[in-house]
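What follows draws every value from the coordinates through simple rules; no lab data is involved. Computed from a prediction, not measured in an experiment: that's the story for all the values here. Here the Cβ positions follow ideal geometry from the backbone for every residue, glycine too, while neighbour counts run over all protein chains shown.
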Amino acid sequence: MNEVTKRGSGHYNKGQIRSAYARVQEQYNDFALRETSKPWWDAFLAELQNGDLILDLGCGSGIPACYLSSKGMRVIGTDISPEMISLAKKQVPGVPFICADMEMPWPENTFDGICAFFSLLHLPKKKTVRLLYKIYKWMKPGGVFVITVVEGTKEGLCENFMGEGVAIYLSYYTKEELISSLSTIGFVVTAARDLHIRTENFEETEIFLLTRKPTD
Ligand SMILES: C[S@@+](CC[C@H](N)C(=O)[O-])C[C@H]1O[C@@H](n2cnc3c(N)ncnc32)[C@H](O)[C@@H]1O
């Protein structure tokens, strides 16, 4: 597990997130290419229609966006890391990737689907709740929001991310707390699953939540 060694939201630092991904860009891309998250991408796709407009928050090196666009989705990706965005542009030509904070504003009722695959776990929990309210507004009524995070209870600084000696902010969640936050905002949770992952460098339980914005 990518262990949190210094607890508390006081350790959150966006510059450090950019530096961390500048260091682990290749390692993370190799991990993403293993497609261990493919069941989550497919579950999201099963709720969408051909040509739907999707916002991929914290799109990383573009592997999920590549899969979603190959299945007929119109995807826009945003990521705070210039290195990850540059890899995404190289690997997935034709998809617009924007180097920006995932809190960048969008017009209300714009997207058929929004995904946040392992990206909101780099935000302090208080910020995540505020962002979830915005995500809700950015989606069209009936829109689908999918989020994956890692199971746990701590938030704060992890000083050995991916076993690479890199420091980065991490927030772990229980399924119950995330379902509670999403439901309070108005999202209807339609599926909740988990998956145990083990690599050479870390082991974790991933949580997947599929949700819908009601139509009325
Ligand atoms: C664990 S990676 C996941 C990448 C991709 N979603 C995937 O599943 O392959 C997390 C990504 O979130 C991005 N990220 C972290 N904080 C962010 C923020 N505030 N705004 C935008 N992107 C952010 C990181 O730069 C990184 O590329």
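Summary table
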| quantity | calculated |
| --- | --- |
| Three principal axis lengths of segment 114-216 [C-alpha, angstrom, descending] | 48, 25, 20 |
| Relative contact order (%) - segment 66-139, alpha-carbon pairs under 8 angstrom, separation at least six | 28 |
| Cα shape, segment 69-118, gyration tensor, a/c 1.5 rule | oblate |
| Derived scalar couplings ³J(HN,Hα) [segment 2-7; Karplus, 6.51 cos²θ - 1.76 cosθ + 1.60; whole Hz; x for Gly, Pro] | 6, 7, 7, 9, 10, 7 |
| Separation of alpha-carbon centers, segment 98-134 and segment 160-182, rounded to whole Å | 15 |
| For the chain, radius of gyration divided by Kirkwood radius, i.e. Rg to Rh on alpha-carbons | 0.93 |
| Loop-exposed GluC sites (Glu not before Pro) per DSSP, neighbour cap 16 Cβ within 10 angstrom, longest uninterrupted part of the chain | 36-102 |
| Charge tally in the Cβ shell below 11 Å around VAL188, where Lys, Arg are +1 and Asp, Glu are -1, VAL188 excluded | +2 |
| Trypsin sites (Lys or Arg not before Pro) lying in DSSP loop within segment 168-211, provided at most 10 other Cβ fall within 10 Å | none |
| Environment charge at LYS89 (Cβ cut-off 15 Å; Lys +1, Arg +1, Asp -1, Glu -1) | -2 |
| Rg(Cα) / (2.2 N^0.38 Å) computed for segment 119-179, rounded to two decimals | 1.28 |
| Per-bin percent of Cα-Cα distances, segment 40-86 [10 Å] | 29, 54, 16, 1 |
| Among beta bridges that DSSP assigns inside the chain, antiparallel share in %, nearest 5 | 60 |
| Segment 87-140: Cα Rg divided by the 2.2 N^0.38 Å rule of thumb | 1.25 |
| All-pairs alpha carbon distance profile, segment 1-66, 5 Å steps from 0, percent | 3, 12, 18, 21, 16, 14, 10, 4, 1 |
| Value of D in µm² per second that Stokes-Einstein yields for segment 1-122, Kirkwood Rh from Cα pairs, at 37 °C (0.692 mPa s) | 218 |
| Listed residues LYS89, LYS126, LYS134, most fluctuating in the chain (Gaussian network, C-alpha, under 10 Å) | LYS126 |
